[in-house]
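What follows is a short report on a single structure.
The values are calculated or read from the model by the stated rules, or taken from the named source; none is laboratory data. All figures in this text were calculated on a predicted structure; none of them were measured in a lab. Positions of Cβ are generated from backbone atoms using ideal geometry, with glycine treated the same way; all protein chains shown enter the neighbour counts.
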Amino acid sequence: MLLIAQAPPLRKSAKQYIEQYKDDAVHEMHEDGIPASITLAQGIQESDCGNSPLAVKANNHFGIKCQKEWSGPTYIQDDDEKNECFRKYRSVFDSYVDHSNFLKSRPRYAFLFQLNITDYKGWANGLKASGYATDPHYAKRLIKIIEDYSLYLLDTIKPPSPELIASVDKYFTDHEKKSHKEKHTTKNGSYDLSVSKRTVQFINNRKCIFTRTGETVDEISTEYGVDPRLIYRYNELKDVKEKGRFKSGEIIFLQPKRNKGQDDFHIVASGETMYSISQKYGIKLKKLYSKNNMQPGTEPLAGEKLWLRKAKK
């Protein structure tokens with residue numbers, strides 16, 4: 001019997017890693033104030049360009065250990081000590097989000113957020129001084145990665161303006177309506193309604209889509225590869241009446257919504273609900289109630305001002 005050796009999986013290069021995850025790093029920079037160059041350099045360093053067992057098997061690209069507050073899935077491997085507990089994520093993007101939350105939630109890193117967003121050297125040295133890694137050359141390694149691949153250029157990318165986001169949203173909404181009316185000939189000569197994949201959009205720097213008439217959570221799950229249970233959780237569908245099929249143009253998030261909005265406040269229009277407003281601005285429904293000192297389940301009056309970023313005084 002002839003045995004053929006199986007080729008080892010191809011390693012991902014640093015350039016491939018950067019190309020694959022630079023957009024996620026930039027979005028996290030705009031949302032949480034961590035330089036994209038630092039996030040990518042840490043990802044490259046900690047995950048060996050996404051090739052480490054921790055990255056491959058647990059989607060953990062930043063070497064974040066479980067800590068006492070972690071209640072999610074775990075992955076065990078030897079590190080500084082034997083059988084250490086590391087966080088396991090459903091996706092690499094979740095690892096990027098948790099990396100931002102990890103740095104923001106630790107007081108020892110608070111001073112870093114006072115630095116200029118383009119001060120990658122200050123961030124690299126500050127991370128090392130704050131004990132992010134035990135490697136004595138950690139800061140130098142990050143700086144070398146950033147300069148070798150010119151990652152500092154990512155730190156100069158400005159966030160899209162609300163006007164640009166609105167114009168792009170309108171373009172794709174109009175384009176989608178048009179594509180639904182078009183018919184295309186199939187190979188056997190019959191006709192099918194065009195159902196091309198939608199462009200993922202961003203509200204509050206969270207990925208989302210606008211629904212088509214009559215589709216379900218399961219159909220969205222299949223199209224975008226997001227577990228239906230997560231779609232329910234991200235969109236807090238358990239907190240509103242049970243949904244069957246969606247109407248056209250409803251907002252469905254493919255990532256968790258934020259704790260606060262980008263705008264300071266919203267004036268309630270007739271017919272709007274707390275849930276529809278939370279979807280419109282990409283804010284968690286419970287946080288929206290909390291910021292406005294409202295009892296969950298109650299609804300605002302038309303003309304009322306709702307606070308989106310800070311708590312109501």
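What do you reckon, is Asp48 acidic (Asp, Glu), within 18 Å of Lys12 (Cα to Cα) and either in contact (Cβ under 8 Å) with a residue 12 or more places away in the chain or surrounded by fewer than 19 Cβ atoms within 10 Å (Cβ to Cβ) (or both)? Full working, then the answer.
On the way: acidic (Asp, Glu): yes; within 18 Å of Lys12 (Cα to Cα): yes; either in contact (Cβ under 8 Å) with a residue 12 or more places away in the chain or surrounded by fewer than 19 Cβ atoms within 10 Å (Cβ to Cβ) (or both): yes.
Yes; evaluated as a whole, the condition is true for this residue.
Testing Glu299 on (1) under 24 Å from Glu31 (Cα atoms); (2) in the same structural domain as Ile209 (by TED's automatic domain parsing), one condition comes back false. Which one is that?
With (1) under 24 Å from Glu31 (Cα atoms); (2) in the same structural domain as Ile209 (by TED's automatic domain parsing) applied to Glu299, the lone miss is (1).
Given the structure, is Ile252 modelled with pLDDT of 70 or more and over 21 Å from Glu28 (Cα atoms)?
no
From the list Glu219, Glu163, exactly one residue is of a type outside the set (Ser, Thr, Tyr) and at pLDDT 85 or above. Which is it?
After ruling out the rest, the residue left standing is Glu219.
Test Phe202 against the stated conditions and say whether it is among the aromatic types (Phe, Trp, Tyr), within 29 Å of Tyr89 (Cα to Cα) and in contact (Cβ under 8 Å) with a residue 60 or more places away in the chain.
yes
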